[in-house]
């Protein structure tokens, strides 16, 4: 199956009470020389696009220097949170990222919204930007595949993804420098281990 737009296939979320418990655990373990602040994962969403998985995580800021550690915000981000796009912790995805960084100076399936331009953005708007980035990254990988520009190991992984997610042997073509879908199979998407 070729997925034309990203589909949310999984979500885990931590309650505010659980976040406070994690801050208390960190505070109990804190020793001189350790950071007095950081980030905790508030939620983690897993998406599927054209057979490739990626995560968008919401990171909540905290600081032990405040009476309410969860009221802290790095860079005055709205809600004291920012979002991060990441590829799965999978050696095949790591290899793609390493190749893209080495060959194209590009962090493939990685980005974040901890920048001044996102300071007053709503989380849904940040999420939309990261979904668009993920889809562009995956489309770029598939363009490289169609042009025969991927190393054999990555090419094999892309072919395995295509085989898992499509009944048609050839479902993608490059036309006018665009990735065009020529057949869509209507089957339930494969559920990957999260």
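None of the figures in this text is laboratory data; all of them are computed from the coordinates on show. All values derive from a computational prediction rather than experimental measurement. For neighbour counting, all protein chains shown are included, and Cβ atoms are generated from backbone atoms with ideal geometry for every residue, glycine included.
Per-structure values
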item: Relative contact order (percent, whole number), segment 8-148, Cα cutoff 8 Å, 6+ residue spacing; result: 18 percent
item: Solution diffusion estimate, µm²/s, Stokes-Einstein, segment 8-148, Kirkwood Rh from C-alpha pairs, 20 °C, viscosity 1.002 mPa s; result: 129 µm²/s
item: Pair residue 11, residue 155: separation of 7 Å Cα→Cβ label points (nm); result: 4.0 nm
item: Theoretical FRET efficiency, 1/(1+(r/R0)^6), r = Cβ-Cβ of residue 106 and residue 41, R0 30 Å, to 0.05; result: 0.75
item: Full-extension gain in nm, residue 89 to residue 119, via 0.36 nm per residue minus C-alpha separation; result: 8.0 nm
item: Label-point separation, residue 67 to residue 28 (7 Å along Cα→Cβ), nm; result: 2.5 nm
